[in-house]
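Trainee: Before I ask anything, let me first share the structure, which is written out below as structure tokens.
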Amino acid sequence: MTGVANLKPFTFIIFGGTGDLAVRKLIPALYNLYIENKLNVPFSVIGISRKQMSHQQYADFFIDGIKKYSRNKYEEDVYKKMGSSFYYISGDLQKDETYEQLKNILNEVEGKEKNRLFYLATTPVFFPVVVENLTKHGILHKGTVEPWHRVIIEKPFGSDLASARKLNHRLEQLIDDSQMYRIDHYLGKEAVQNFIVLRFANGIFEPLWNNKHIDHIQITVSETVGVGNRGKYYEQAGATKDMLQNHIVQLLSLIAMEPPVNFDAQSISAEKVKVIRAIRLFPGSNIVRGQYKGYTSEKDVDPGSKVETFVAAKLEIHNWRWAGVPIYVRTGKYLKEKTTGVVIQFNKPPHILYKHENIEPNRLVISIDPRTGFDIQFNIKEPTRGDVRIREVRMNFCHECEFGANTPEAYERLLLDAMIGDPTLFTSWEEIQYSWMLAEKMLQQYDKCPPLYNRGSWGPEEADKLITQDGRRWYYANIRRNNANPCGNGCIQKSE
Ligand code: BG6
């Protein structure tokens, strides 16, 4: 058994139980944990949503999703066993009877231990409504005493600073902060967890990790899909609130933070907060927005919408370590490639001996998705006679080559962490609060219509200018990379 030692029997209650998130992420994640014997305790799942269906239909509702989105193959007998503890309530989240029904099912299914993990996967306006009703009906208690009651809160946490504060304030009146698990699924990605290890379990990077040796940092989170049927949500969000305020800021905070005193939630969060507080827009022209062609014809989108589906920004971290280092970030929908990656570009040597050669700077490339791994790029001499010819090569660590392809997905890791009560990979209120402050500074500049860009491009031309005007270029647009074969190009050999 590979089950987790301090896991206790629990009930997993999903509000928004038939939504996209439950189908694509939550239940496939649970299935993967189950089939890999990581959930070695009795548990039940209760879904709550508006649709009408029976308990059995609820379990069956996820079969296609598991087949499509789970990294482990669907096995009927395994899922049948897991699905036999699925329950469903069709109800209105504002009505008392929904919560009375929930209470009845809990009485029926729970044994002695009444540990409960609530997942708020509804539209955000229901977050406080659900928690208010759960406490009012005695289903969710305040405090960390046993049996444990924890609430996972999906993003977006608020729609601006004021609404996030209001939401947090209301939730804090009802439950303790330590019961709130504010999720940012990027923190559950394997490569993102590895940031901290790369930086603090190695001696070679940290001495260079500052404005004396780093020329700039780039973060790209590009997607090849559009807004799909999430037009209604996206109209309120746009790329800045949907991706930059949370995922990109989180990535940056882990890359830039000081060494924490300990590897626990509080120590790490304390360092992340210091970074997020210090992020500023770089002086001068610093934001580019874009909208993909055809966005305004998407379902539930205003035909005159000014919402951006692409945003790029030039940022700076105002502190001792990073002052003056430009940080270029960009994210968008319907771009050329699906890529999430961070590039740390080091300064060129102070004196170039090989004047006739175009020497590339050294880079550390951290690939998060779809490939996972690290590349270090450096220059070597080609084996020619006569003039020295210099060429860039890469040393790479490819996660898949070293550990195999079946890496747990972010939601698996995060659900399991919430079940055992480890908040390290969740975001604290302070992190969210300061991220909103940054996002608001950007949003204040959004008065004009964003320029249109072609689907399948790298966004509007202005985004290229944002970086080329500084004599630099986006890594993920201009350099041919060897993605086809992850083990090609100098993969570090597996250790014996
Ligand atoms: C979500 C955003 O948080 O992240 C989506 O709301 C986006 O718009 C998604 O598509 C991207 O996640 P990933 O893991 O596919 O990069």
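Trainee: Quick one: helix 126-136 against the long Cα principal axis of the chain, what's the angle to the nearest 10°, folded into 0 to 90?
Mentor: 40 degrees
Trainee: Name the residue from Y99, I89, V151 whose Cα lies farthest towards the positive end of the charge dipole of region 50-198, charges +1 on Cβ of Lys and Arg and -1 on Cβ of Asp and Glu.
Mentor: V151
Trainee: Relative to the compact globular guide of 2.2 N^0.38 Å, what is the alpha carbon radius of gyration of region 1-156, as a ratio?
Mentor: Values: Rg = 15.0 Å, N = 156, 2.2 N^0.38 = 15.0 Å.
Rg over 2.2 N^0.38 Å, computed on Cα atoms: 1.00.
Trainee: The chain: percent of C-alpha pairs farther apart than 43 Å? Before the final figure, lay out each step's value.
Mentor: Working: 22860 of 122760 pairs.
In whole percent, the long-distance tail amounts to 19.
Trainee: Okay, moving on. Taking every pair of distinct Cα atoms and averaging 1/r, then inverting, what Kirkwood hydrodynamic radius in Å comes out for region 302-461? Walk me through the intermediate numbers first.
Mentor: Values: mean 1/r = 0.0491 Å⁻¹.
Here the Kirkwood hydrodynamic radius works out to 20.3 Å.
Trainee: Ranking request for peptides 397-404, 44-51: highest mean number of other beta-carbon atoms within 10 Å first, then the rest in descending order. Don't skip to the end; give the middle numbers.
Mentor: Details: 397-404: 15.4, 44-51: 21.0.
In descending order of packing, they fall as 44-51, 397-404.
Trainee: Starting from the alpha-carbon convex hull of region 31-88, give the projected area averaged over all orientations, in nm². Walk me through the intermediate numbers first.
Mentor: Numbers: hull surface 15.8 nm².
Averaging across all directions leaves 4.0 nm² for the Cα convex hull.
Trainee: Further, regarding this structure: With unit charges on the beta carbon (Lys/Arg positive, Asp/Glu negative), name the residue among V125, L425, L208 whose Cα is farthest towards the positive pole of the charge dipole of the chain.
Mentor: My answer, from the dipole projection, is L208.
Trainee: Let me ask another. Starting from 0.36 nm per residue, how many nanometres of slack lie between F263 and E392 once their C-alpha separation is accounted for?
Mentor: Details: separation 129, 0.36 × 129 = 46.44 nm, distance 3.59 nm.
Gain in length upon complete extension: 42.8 nm.
Trainee: Roughly how big is region 108-224's charge dipole about its Cα centre, with Cβ charges of +1 (Lys, Arg) and -1 (Asp, Glu), in debye to the nearest 20?
Mentor: Roughly 240 debye, rounded to the nearest 20.
Trainee: Which one of N262, Y434, C401 is farthest out on the positive end of the charge dipole of the chain, using unit charges on Cβ (Lys, Arg +1; Asp, Glu -1) and the Cα centre as origin?
Mentor: Checking the options against the dipole of the chain, the answer is C401.
Trainee: With the cut-off at 19 Å, tell me which of the pairs K333/K441; K142/K189; K25/K189 have Cα atoms farther apart than that. Working shown, then result.
Mentor: Working: K333/K441 22 Å; K142/K189 30 Å; K25/K189 13 Å.
Among K333/K441; K142/K189; K25/K189, the Cα-Cα distance tops 19 Å for K333/K441; K142/K189.
Trainee: Any idea what the dipole of region 276-411 comes to, in debye rounded to 20, about its Cα centre with Lys/Arg Cβ at +1 and Asp/Glu Cβ at -1?
Mentor: Values: 21 positive and 16 negative charges, 102 e Å.
Result for region 276-411 is approximately 480 debye, rounded to the nearest 20.
Trainee: Set the Förster radius R0 to 41 Å, insert the Cβ-Cβ distance between K381 and K67 as r into 1/(1 + (r/R0)^6), and round the FRET efficiency to 0.05.
Mentor: Values: r = 52 Å, r/R0 = 1.26.
For R0 = 41 Å, the calculated efficiency reads 0.20.
Trainee: Right, next: Quote to one decimal, in nm, the extra length available between F126 and T144 on full extension: 0.36 nm per residue of separation minus the C-alpha distance between them. Mind showing how you got there, number by number?
Mentor: On the way: separation 18, 0.36 × 18 = 6.48 nm, distance 2.35 nm.
Taking 0.36 nm per residue and subtracting the Cα distance, the gain is 4.1 nm.
Trainee: Moving on to the next point. Please work out the Cα convex hull volume for region 422-473 and give it in Å³ per residue. Write down the numbers at each step before the final one.
Mentor: Details: hull volume 8.8 nm³, N = 52.
Expressed per residue, the convex hull around the Cα atoms of region 422-473 is 170 Å³.
Trainee: Ordered by packing density, taken as the mean number of other Cβ atoms within 10 Å over each peptide's residues, highest first, how do 124-133, 194-203 rank?
Mentor: Working: 124-133: 18.1, 194-203: 13.9.
Ranked by mean Cβ neighbours within 10 Å, highest first: 124-133, 194-203.
Trainee: Structure shown: which of K241/K272; K38/K274; K51/K299; K73/K95; K81/K136; K212/K355 lie over 29 Å apart, alpha-carbon to alpha-carbon?
Mentor: On the way: K241/K272 19 Å; K38/K274 35 Å; K51/K299 21 Å; K73/K95 39 Å; K81/K136 34 Å; K212/K355 23 Å.
Cα-Cα > 29 Å for K38/K274; K73/K95; K81/K136; rest within.
Trainee: Which ³J(HN,Hα) values, rounded to whole Hz and listed in residue order, are derived for region 365-371 from phi using the Karplus coefficients 6.51, -1.76 and 1.60 in 6.51 cos²θ - 1.76 cosθ + 1.60 with θ = phi - 60°, glycine and proline given as x?
Mentor: 10, 9, 9, 9, 8, x, 7
Trainee: Taking K293 as the anchor, which aspartates and glutamates have their alpha carbon closer than 16 Å to its alpha carbon, excluding any fewer than eight residues away along the same chain?
Mentor: Counting by Cα, and skipping residues close in sequence, K293 has these aspartates and glutamates nearby: E223, E235, D302, E308, E461, E462.
Trainee: Then there is this: Which order do peptides 247-254, 308-315 fall in by mean Cβ count within 10 Å, highest first? Mind showing how you got there, number by number?
Mentor: On the way: 247-254: 24.1, 308-315: 26.9.
Going from most to least packed, we get 308-315, 247-254.
Trainee: T407's amide H: which non-local residues (gap 5+, or another chain) put their own amide H closer than 5 Å, with H modeled 1.01 Å from N in plane and none for Pro or chain starts?
Mentor: Here the answer is none, since no amide H 5 or more places off falls under 5 Å of that of T407.
Trainee: Which residues does the label zone of N40 cover in region 8-23, counting backbone N under 17 Å from a point 7 Å along Cα→Cβ?
Mentor: 8-10
Trainee: Between W320 and Y354, what length in nm is gained on full extension when 0.36 nm per residue of separation is reduced by their alpha carbon distance?
Mentor: Values: separation 34, 0.36 × 34 = 12.24 nm, distance 3.33 nm.
Residue separation times 0.36 nm, minus the Cα-Cα distance, leaves 8.9 nm.
All of the numbers you see were taken from the coordinates with simple rules; none came from a lab. Please read all numbers here as calculations on a predicted model, not as lab measurements. Don't worry about glycine lacking a Cβ; one is built from the backbone with ideal geometry, like all the others, and counts go over all protein chains shown.
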